[in-house]
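K.L.:
One structure, as structure tokens, below. Some questions next.
The values are calculated or read from the model by the stated rules, or taken from the named source; none is laboratory data. What you see is a predicted model; the values in this text were computed from it and never measured. Positions of Cβ are backbone-derived with ideal geometry, glycine not excepted, and every protein chain shown enters the neighbour counts. Each accessible area value is taken on the protein alone, full model and side chains, heavy atoms only, with ligands, DNA and RNA left out. Shrake-Rupley method; radii C 1.70, N 1.55, O 1.52, S 1.80 Å.
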Amino acid sequence: MIKVFSPSTVANVGCGYDVLGFALDGIGEEMIVSKREDGQLVIDEIIGFDLPKDPKVNTATVAAQALLDDAGSKQGFSFTITKTINPGSGMGTSASSSAGAVFAVNELLGRPFTVDQLVTFAMEGEKAVSKKAHADNVAPNLLGGFTLVRSYEPLDILTLPVPDELWVTLVHPQVEVKTTDAKKILKKQVDLAVAVQQWGNVGGLVSGLYESDYDLIGRSMVDVIVEPIRKILIPLYDEVKAQAIAEGALGCSIAGSGPSIFAFSRGEETASRIKSLMQSRYDEAGVLAYTYRSRIGKSGVREIK
Ligand code: HSE
């Protein structure tokens with residue numbers, strides 16, 4: 001038996017649609033996995049939210065099955081999952097389950113796969129919920145910190161440095177945005193001039209992380225491709241973003257496919273002020289919302305006692 005903690009993650013990070021992501025620190029879900037004799041994958045219990053226990057549907061078992069198929073293993077496993085963040089939040093909840101499951105199963109099998117290989121299995125869980133096997137949540141989930149998917153074919157994932165004073169604030173207004181829908185509304189083609197702006201910002205953000213250049217991180221958090229389309233799905237988006245920036249956020253954008261919004265700050269104090277501000281604005285508007293504040297999580301999924 002093993003108990004693991006699998007962090008929540010934020011994909012895209014503004015300009016890096018489907019390629020950039022980072023893990024949160026101490027915010028995520030727990031999973032207990034144990035071997036069983038009958039060769040089945042069974043979800044015994046999901047605590048916190050009403051999610052499918054069908055092993056062909058739940059991302060944890062879909063990802064675990066992908067690993068077992070590749071290993072040629074007929075070993076069975078039982079799963080108990082404790083979720084803390086609502087599904088459809090944009091905080092990588094499906095990825096937390098996929099990554100947690102493959103990590104745990106790999107440990108119980110005696111580690112036949114490297115962490116990089118686990119990313120490909122966890123991506124199968126993402127495919128089950130969003131029709132596309134994107135890696136920008138599961139990569140930081142498994143590897144921790146910031147990650148960049150330099151290439152999908154072949155898969156090439158880079159880990160990026162985490163500046164010490166970088167904090168993140170998140171607000172999750174309680175409207176559900178399905179990743180499949182949020183992907184469907186995007187345009188399939190991008191103007192060259194727009195693409196130029198976007199890849200300039202991706203390069204700037206990566207450089208900002210390497211240099212711990214907080215201003216550069218902030219001014220690179222500009223998304224001219226995805227944010228203008230997806231923000232219409234998020235109540236009060238423009239207003240909350242403008243308030244966060246006015247309060248000292250380095251930058252602010254949509255977490256993953258939304259509806260959560262995240263803001264980067266230099267230091268805990270600004271991050272906490274922005275958290276209160278975001279909470280008050282949604283409270284005033286009568287929209288139920290949950291807020292979080294965290295450092296960037298340097299470790300990915302891990303065993304806990
Ligand atoms: N990169 C994916 C998207 C992340 O934006 O659709 C989904 O959480």
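K.L.:
Would you rank V175, V206 by solvent-accessible area, highest first, keeping every protein chain in place and using a 1.4 Å probe?
P.N.:
Sorted by accessible area, descending: V175, V206.
K.L.:
For the chain, what is the largest minus smallest coordinate of the Cα atoms on each principal axis, given in angstrom and ordered from greatest to least?
P.N.:
58, 42, 36
K.L.:
Another one. How large is the Kirkwood hydrodynamic radius of region 184-253, in angstrom, based on all distinct alpha carbon pairs?
P.N.:
13.2 Å
K.L.:
Along the charge dipole of region 125-182, which of P163, V138, V177 sits closest to the positive end, that is, farthest toward it, with unit charges on the beta carbon of Lys, Arg, Asp and Glu (+1, +1, -1, -1)?
P.N.:
Positive-end residue among those listed: V177.
K.L.:
As a test of the formula, what do you get for the chain when each DSSP H run with n ≥ 4 contributes -39,500 (n - 2.57) and the sum is divided by the residue count, at 222 nm and rounded to the nearest 500 deg cm²/dmol? Mind dumping the intermediate values first?
P.N.:
Values: 10 runs with 116 residues, N = 305.
-11500 deg cm²/dmol, from helical runs alone.
K.L.:
Under a plain spin-label model, where a point goes 7 Å from the Cα along Cα-to-Cβ, how far apart in nm are D181 and V194?
P.N.:
Going from the D181 label point to the V194 one covers 2.2 nm.
K.L.:
Report the full-extension gain for the segment E107 to S73: residue separation times 0.36 nm, less the Cα-Cα distance, to one decimal in nm.
P.N.:
That pair, E107 and S73, stretches by 10.9 nm at full extension.
K.L.:
Among D116, D70, D223, whose mean-square fluctuation peaks in a Gaussian network model of the chain (Cα, cutoff 10 Å)?
P.N.:
Of D116, D70, D223, the most mobile in the Gaussian network model is D70.
K.L.:
Tell me the net charge near K188. Cut-off is 14 Å between Cβ atoms, K188 excluded, with +1 for each Lys or Arg and -1 for each Asp or Glu.
P.N.:
Working: positive: K132, K183, K184, K187; negative: D18, D191.
Once all neighbours under 14 Å are counted, the net charge is +2.
K.L.:
Using 0.36 nm times the number of residues separating Q117 and R302, minus their current alpha carbon distance, what extension gain do you get?
P.N.:
That pair, Q117 and R302, stretches by 65.0 nm at full extension.
K.L.:
How long are the semi-axes of the ellipsoid equivalent to region 1-160, from square roots of 5 times the Cα gyration tensor eigenvalues, in whole Å, largest first? Intermediate values should be presented prior to the final figure.
P.N.:
Details: eigenvalues 108, 60, 35 Å².
Three semi-axes, in Å: 23, 17, 13.
K.L.:
Distance in nm between label sites at Q279 and F49, each 7 Å beyond Cα in the beta-carbon direction?
P.N.:
For Q279 paired with F49, the spin-label model returns 2.1 nm.
K.L.:
Now a separate question. Sorted from largest down, give the three principal axis spans of the alpha carbons of region 113-171, whole angstrom values.
P.N.:
34, 27, 20
K.L.:
Taking 41 Å as R0, compute the FRET efficiency from the Cβ-Cβ separation of A242 and M1 and round it to 0.05.
P.N.:
That pair, A242 with M1, gives E of 0.25.
K.L.:
With each label point set 7 Å from Cα along the Cα-Cβ vector, what nm distance links L158 and I229?
P.N.:
2.6 nm
K.L.:
What is the sum of charges around V19, taking Lys and Arg as +1, Asp and Glu as -1, for the other residues whose C-beta is under 10 Å from the C-beta of V19?
P.N.:
In short, -1.
K.L.:
A further question on this structure: Taking Rh as the Kirkwood radius computed over C-alpha pairs, what is the Stokes-Einstein D of region 166-295 at 4 °C in a medium of viscosity 1.567 mPa s, expressed in µm² per second? Mind dumping the intermediate values first?
P.N.:
Numbers: Rh = 15.2 Å.
Translational diffusion coefficient: 85 µm²/s.
K.L.:
Along the Cα-to-Cβ line of L288, 7 Å from the Cα, sits a label point; which residues in region 80-112 have backbone N less than 13 Å from it?
P.N.:
86-87
K.L.:
How much net charge surrounds S280 when only the other residues with a Cβ under 13 Å from the Cβ of S280 are counted, with Lys and Arg +1 and Asp and Glu -1?
P.N.:
Summing Lys and Arg as +1 and Asp and Glu as -1 gives -1.
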